[in-house]
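Undergrad: Submitted below is the structure of interest, expressed as structure tokens.
The values are calculated or read from the model by the stated rules, or taken from the named source; none is laboratory data. Keep in mind that this is a model prediction, so the values were computed, not measured. For neighbour counting, all protein chains shown are included, and Cβ atoms are generated from backbone atoms with ideal geometry for every residue, glycine included. When the accessible area is computed, the model is the full protein with side chains, heavy atoms only, and any ligands, DNA or RNA have been set aside. Shrake-Rupley method; radii C 1.70, N 1.55, O 1.52, S 1.80 Å.
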Amino acid sequence: SIDSKCTPLKREFDACFTWWYSEKFLKGEKTNDCEQLFKAYQACLKTVLHEKGLDKMIDDARPSIGSPFTGSGQK
């Protein structure tokens, strides 16, 4: 992860996603069992990016690469 304080959340999400993908998604279930872990990890990443001053740099770069996402990460 970009910062060690997000690493435990990344590991939890990665493990959940791997389990979900192999045990549910590939068997036809479309539930989102890892959504809460993803949101927690995403929040940690956003905080770290802001603390490191990288969020503005990323937002400024988005138009030059044709990204449809806004600064909040949403379309």
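Undergrad: If only one of K30, K56 is on the phi < 0 side of the Ramachandran plot, modelled with pLDDT under 95, among the basic types (K, R) and part of a helix (DSSP H, G or I), which one is it? Let's see the steps before the verdict.
TA: Working: K30 fails: part of a helix (DSSP H, G or I).
On inspection, the qualifying residue turns out to be K56.
Undergrad: Another question, if that's okay. Just give me the residues in segment 33-53 being charged (D, E, K, R), open to solvent by 90 Å² or more (accessible area, probe 1.4 Å), closer than 20 Å to F69 by Cβ and part of a helix (DSSP H, G or I), in sequence order. Give the steps one after another, and end with the answer.
TA: At the first step, the residues of segment 33-53 found to be charged (D, E, K, R) are 33, 35, 39, 46, 51-52.
Narrowing the set further to residues that are open to solvent by 90 Å² or more (accessible area, probe 1.4 Å) leaves 39, 46, 51-52.
Now narrow it down to the ones that are closer than 20 Å to F69 by Cβ: 39, 46, 52.
Matches in segment 33-53: K39, K46.
Undergrad: Another one. Give the residue that is nearest to C44 (Cα to Cα), with candidates limited to residues of segment 1-32 that are in contact (Cβ under 8 Å) with a residue 24 or more places away in the chain and open to solvent by less than 90 Å² (accessible area, probe 1.4 Å).
TA: C6
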